[in-house]
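Please read the structure below before turning to the comments.
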Amino acid sequence: NVTGVQTCALPIYARTQGSGHLLSVPLRVDNVAVAVLTLERRAQAFAPREAWELRLIGEASARQLVHLHDTDRWIGARALARLVAWRDLMLGPSYTAWKLAGLGLAVLITMLAILPWPYRINTPIALRSKDILFIPAPFDGFLRSAHIEVGDVVRTGALMVELDTRELVLEESMAAADAVRYAREAEKAQAARQLADMQIALARQQQSSSKLELIRHQLAHAQLRAPFAGVVVEGELKKNLGAPVRKGDLLVKLAHTGDTYVELEIDQVDVHEVSIGMRGQFAFVGRPDLKYPLVVERVDPASTMREGRNVYLARARIEADFQPWWRPGMGGSARLEAGERSIIWLLTYRTVRYLRQVFWV
């Protein structure tokens, strides 16, 4: 035994063929024996140095011989040989760690491609009120008192603002006195059969009565009360007490709290996934730990520019009671349930969409 080269003297083959000495040299490729070269000689046995030289020659020429053997066969035989070699490599004991790692990776990819996972669309939201009442000054006057501040929750009929009525009270007394005086003058003219003077007095009486009704109407509206329960979203008036106001000036903006909804800003890349009746949850920025259910009721057909991007506004119904700390205009985020997708799709769809958009594939 000389470094893996087996020698034998006078075996059965040598006796039958008349050979004196035999030498078997394995042909190895990457330390794997692919063939055996057998040499025979009658005169004398192969010396260890000769065996070493022959083994070296065999290893140097084995790779080329294997290549010639593979390329010399027809394509079917070559394909079958490669399949057999691949099978032996996969099922053999070599590279066990790499095989286990590859098997685990294949199982993981298969699970990611098969197992479903909920797909949710994230979108910014804002709390809106369907009814926002603008309460202006009913007449020219002065601000007497303010009983509300921005953010206050008011009940139906609650007193919010009062205007100064002292001048109106004086004008009411004067108009009432004029009406009485003109009524007396009309009676006096009628008694004296002065019909023209009577008609003039009656006209002036009617004018004074109309002015009196107008003043009393203004007095009745000098106190501004809430027509419904809501939240004051505009109306910092306490710092302007005594200031003059003109008819039509905005005093209070009141948002109805009994009919609020959520406004969704759906990005244009996700709008095709959103449909009426889709459910989801939303949370406000100030309280992300509290989540409330919602249902999409409407999606606008036209886009709107918001912060340099195209979005589609949608309206969602809140399936929860109005909370006292909610205020119209509050912002947050919502997650809409858009069905189930495979996990690998959820991990790669943004990248795939970007590549398709860039390369038009």
I need the full set of residues from the range 26-64 which are open to solvent by less than 80 Å² (accessible area, probe 1.4 Å) and either in a loop (DSSP other than H, G, I, E, B) or acidic (Asp, Glu) (or both), in order please. ALA45, PHE46, ALA47, GLU50, GLU53, GLU59
Which ones in the range 117-149 are among the aromatic types (Phe, Trp, Tyr) and under 19 Å from the mean Cα position of the chain (by Cα)? TRP117, TYR119
Note: among GLU162, GLU149, just one is acidic (Asp, Glu), open to solvent by less than 50 Å² (accessible area, probe 1.4 Å) and touching a residue at least 60 places away in the same chain (Cβ under 8 Å), namely GLU162
Of all residues making up the range 292-334, the number that are hydrophobic (A, V, I, L, M, F, W, C) and either touching an Asp or Glu at 6+ places or on another chain (Cβ under 6 Å) or outside any loop (DSSP other than H, G, I, E, B) (or both): 11
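Does ALA179 qualify as being free of Cβ contacts under 8 Å to residues at least 24 places away in the same chain, farther than 15 Å from PRO136 by Cα, in a helix (DSSP H, G or I) and open to solvent by less than 100 Å² (accessible area, probe 1.4 Å)? Break it down into steps so the answer makes sense when it comes.
Working: free of Cβ contacts under 8 Å to residues at least 24 places away in the same chain: no; farther than 15 Å from PRO136 by Cα: yes; in a helix (DSSP H, G or I): yes; open to solvent by less than 100 Å² (accessible area, probe 1.4 Å): yes.
When the stated conditions are applied, ALA179 does not pass them.
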For the range 186-220, what are the residues that are open to solvent by 60 Å² or more (accessible area, probe 1.4 Å), more than 30 Å from LEU143 (Cα to Cα), in a helix (DSSP H, G or I) and out of contact with any Phe, Trp or Tyr (no Cβ under 7 Å at 6 or more places or on another chain)? GLU187, LYS188, GLN190, ALA191, LEU195, ALA196, ASP197, GLN199, ILE200, LEU202, GLN206
Condition check for GLY258: open to solvent by less than 60 Å² (accessible area, probe 1.4 Å), part of a loop (DSSP other than H, G, I, E, B) and either without any contact (Cβ under 8 Å) to a residue 12 or more places away in the chain or small (Gly, Ala, Ser) (or both): no
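Let's see how each residue does on (1) on the phi < 0 side of the Ramachandran plot; (2) modelled with pLDDT of 90 or more:
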{"position": "VAL285", "(1), (2)": "yes, yes"}
{"position": "LEU294", "(1), (2)": "yes, yes"}
{"position": "ALA316", "(1), (2)": "yes, yes"}
{"position": "ASP321", "(1), (2)": "yes, no"}
{"position": "PRO324", "(1), (2)": "yes, no"}
{"position": "GLY329", "(1), (2)": "no, no"}
{"position": "ARG353", "(1), (2)": "yes, no"}
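The values are calculated or read from the model by the stated rules, or taken from the named source; none is laboratory data. Quick caveat, the model's predicted, so the values are computed rather than measured. Cβ coordinates were reconstructed from backbone atoms using ideal geometry, including for glycine residues, and neighbour counts include every protein chain displayed. Surface accessibility is based on the protein's heavy atoms, side chains included, excluding ligands, DNA and RNA. Shrake-Rupley method; radii C 1.70, N 1.55, O 1.52, S 1.80 Å.
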